[in-house]
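Chemist: Submitted below is the structure of interest, expressed as structure tokens.
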């Protein structure tokens, strides 16, 4: 029998090799990763991506399976995720990324625009919840057959919920709305965390959205690696609303 054990936050000992132990280890690991900002280390094709590698693998699986014509992304930062999405679309020989950010800093814009995959990326500067921005996104989406949406901008409850309300209708049946960084609530008690995160987080917005909208379901397949910043974040649209 294993002698390596963990103690959960209630004081209960757990065998590290048991299913419960693996889940607890993942829980502690993602907290340590976020505290030490390790998700800021990876790059994708030369651009900082600011994602946990496990989540990138899951997004790769999803994009390869769905084969979207359009990927809408809120939150550009350095542009690594936009380039990641573009690289997947390039392999699929289809589609474009529509990336939105309230502020696209000049050095990030230059890095993205000069990247070999820039021909698959369109950038829109402005708040993702601004009516004019949403209308512009709709115009660019047009009659695309398959649309995937990822939300990774402001991680407050109110903002994420509003984004979900605005962008969910653009997701085509069978495709996904991916709301990232629901882990924020779990991080409230790490040294760099904030107590208000316990309630003010994307995961709570996800659950509120599901309570008030039919035709959506959480797909646990994309959280099976356990270490993730986006628990319950992969929402599949099951029908036309």
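Chemist: Could you tell me the relative contact order of the chain? Use alpha-carbon pairs under 8 Å, at least six residues apart, and round to a whole percent.
Modeler: Values: 439 pairs, mean separation 41.1, N = 241.
17 percent.
Chemist: Give the order of 162, 96 when sorted by the count of other beta carbons within 10 angstrom, beginning with the fewest.
Modeler: Values: 162 16, 96 20.
Least to most surrounded, the residues fall as 162, 96.
Chemist: For the chain, give me the percentage of DSSP beta bridges that are antiparallel, rounded to the nearest 5 percent.
Modeler: On the way: 11 of 29 bridges.
Taking every DSSP beta bridge with both residues in the chain, the antiparallel ones total about 40 percent.
Chemist: Continuing with the same structure: Using R₀ = 22 Å, calculate the FRET efficiency as 1/(1 + (r/R₀)^6) where r is the Cβ-Cβ separation of residue 122 and residue 162; round to 0.05.
Modeler: For residue 122 and residue 162, the calculated efficiency is 0.50.
Chemist: If you fit an axis through the alpha-carbon atoms of helix 80-92 and take the longest principal axis of the Cα set of the chain, what angle between them do you get, 0 to 90°, nearest 10?
Modeler: Around 70 degrees separate the two axes.
Chemist: Let me ask something additional. Just the ratio, please: alpha-carbon radius of gyration of the chain over 2.2 N^0.38 Å, N its number of residues.
Modeler: Ratio of Rg to 2.2 N^0.38 Å for the chain: 1.03.
Chemist: Would you work out if the range 98-241 is rounded, prolate or oblate? Take a ≥ b ≥ c from the square roots of the eigenvalues of the alpha-carbon gyration tensor; rounded if a/c is under 1.5, else prolate when a/b is larger than b/c, oblate otherwise.
Modeler: oblate
Chemist: Once the piece of chain linking residue 109 and residue 43 is laid out straight, how much longer is it, given 0.36 nm per residue of separation minus the C-alpha distance between them?
Modeler: Going from the current span to full extension adds 22.1 nm.
Chemist: Which angle between 0 and 90 degrees, to the nearest 10, do you get for helix 131-141 versus the longest principal axis of the chain when only C-alpha atoms count?
Modeler: Around 80 degrees separate the two axes.
Chemist: When the chain is modelled as a GNM with alpha-carbon springs shorter than 10 Å, which of 208, 12, 228 fluctuates the most?
Modeler: Result: 12 has the largest fluctuation of those listed.
Chemist: Moving on to the next point. The range 3-112: percent of C-alpha pairs farther apart than 18 Å?
Modeler: 60
Chemist: Also, I was wondering about something else. Using R₀ = 51 Å, calculate the FRET efficiency as 1/(1 + (r/R₀)^6) where r is the Cβ-Cβ separation of residue 94 and residue 18; round to 0.05.
Modeler: 0.70
Chemist: Report, to the nearest 10°, how far helix 53-66 tilts away from the longest principal axis of the Cα atoms in the chain, using its own Cα long axis and a range of 0 to 90°.
Modeler: Helix 53-66 sits at roughly 50 degrees to that axis.
Chemist: Same structure again: Over what distance in Å are the Cα centres of the range 170-241 and the range 61-107 separated?
Modeler: Between the Cα centre of the range 170-241 and that of the range 61-107, the gap is 19 Å.
Chemist: I want to verify a result. In a Gaussian network model of the chain, Cα cutoff 10 Å, which of these has the top mean-square fluctuation: 178, 49, 133?
Modeler: Top of the fluctuation ranking is 133.
Chemist: Would you kindly calculate the translational diffusion coefficient of the range 7-58, applying Stokes-Einstein with the Kirkwood radius from alpha carbon pairs, for 4 °C and a viscosity of 1.567 mPa s, and quote it in µm² s⁻¹ without decimals?
Modeler: Translational D for this selection: 103 µm²/s.
Chemist: Taking the chain as a Gaussian network, Cα atoms linked when under 10 Å apart, which of 150, 74, 214 shows the biggest mean-square fluctuation?
Modeler: Residue with maximal mean-square fluctuation among 150, 74, 214: 214.
Only the coordinates and a few stated rules stand behind these numbers; no lab work does. Keep in mind that what you see is a predicted model, and the values were worked out from it rather than measured. Virtual Cβ from ideal backbone geometry, glycine too; neighbours counted across all protein chains shown.
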